[in-house]
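Step one of this worksheet: look at the structure below.
The values are calculated or read from the model by the stated rules, or taken from the named source; none is laboratory data. Small disclaimer: the values here were computed from a predicted structure and weren't measured. We place every Cβ from the backbone using ideal geometry, glycine too, and count neighbours over all the protein chains shown. Protein only, heavy atoms only, side chains kept; ligands, DNA and RNA dropped before computing areas. Shrake-Rupley method; radii C 1.70, N 1.55, O 1.52, S 1.80 Å.
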Amino acid sequence: MKRREIHIGPGAPSLLLVVVVVGMSVLGLLALMSARSDAKLAERSRSFVEAEYEISARAEETLAALDAVLAQCAGEADYLAAVAARLPEGLSMEGNLVSWTEAGEVGRSLFCAVELSPAGEQPRYRWREHSFQPAEFEFEEF
């Protein structure tokens, strides 16, 4: 019996090389697309966190203004009425609870509420709520 010898011609290695190059090109494009989408997601996340810190900073500034009012009214006879009369703009008061909302640019707002301590007590207030909430959207009619 004769053994048959198989000869690989010059076409098979060339075909294999083309398949490898195309496969590597596809994997490279997938990696590039993944890197671009990761970069976009990181940028959105950065802007989102930056906006939340900005909203929190505004809430702290509002709280500082409220604290200044509380310090001014500490010696008055009707403490809560004096505080209600001098509240900074945008704050509302129900009993000894002061609340306000800081609007954000990323579709969320920060709701803040503090409970006032009796006159002369330290600390002058205690946080009751400090939470991010979805902003309310108004839809246009067609």
- Message: One quarter of the convex hull surface, Cα atoms only: what value does that give for the chain in nm²?
- Response: 20.3 nm²
- Message: Quick check on packing: order 21-32, 48-59, 102-113 by the mean number of other C-beta atoms within 10 Å, highest mean leading.
- Response: 102-113, 48-59, 21-32
- Backbone HN-Hα couplings from phi across the stretch 77-90 [Karplus 6.51/-1.76/1.60, Hz, Gly and Pro as x]: 5, 9, 4, 5, 5, 5, 5, 4, 6, 10, 4, x, 4, x
- Message: Treating only the Cβ of Lys, Arg, Asp and Glu as charged (+1, +1, -1, -1), what charge dipole size does the chain show about its Cα centre? Round to the nearest 20 debye.
- Response: 1740 debye
- Residues with amide H under 5 Å from that of SER117, placed H, sequence gap 5 or more: TYR125, ARG126
- Query: Given a 1.4 Å probe and every protein chain left where it sits, what share in percent of the accessible area of the chain is carbon and sulfur?
  - Reply: 59 percent
- Dipole of the stretch 35-108, Cα-centred, from +1 at each Lys and Arg C-beta and -1 at each Asp and Glu C-beta, to the nearest 20 debye? 380 debye
- Phi-based couplings in Hz for the stretch 37-52 (Karplus 6.51, -1.76, 1.60; Gly and Pro marked x): 5, 5, 5, 5, 5, 5, 5, 4, 5, 4, 5, 5, 5, 4, 5, 5
- Cα-based convex hull, the stretch 59-109, per residue volume (Å³, whole number): 71 Å³
- In Å, the C-alpha Rg and Dmax of the stretch 1-52 are 23.8, 83
- Item | Sorted peptide list for 77-83, 88-94, 35-41, criterion being average Cβ within 10 angstrom, highest first | 77-83, 88-94, 35-41
- Under 5 Å from the placed amide H of ARG108, counting only residues 5+ away or on other chains, we find ALA135
- Query: Just from its helices, what would the mean residue ellipticity at 222 nm be for the chain, if runs of 4 or more DSSP H residues each count -39500 (n - 2.57) and the sum is divided by every residue, rounded to the nearest 500 deg cm²/dmol?
  - Reply: -18500 deg cm²/dmol
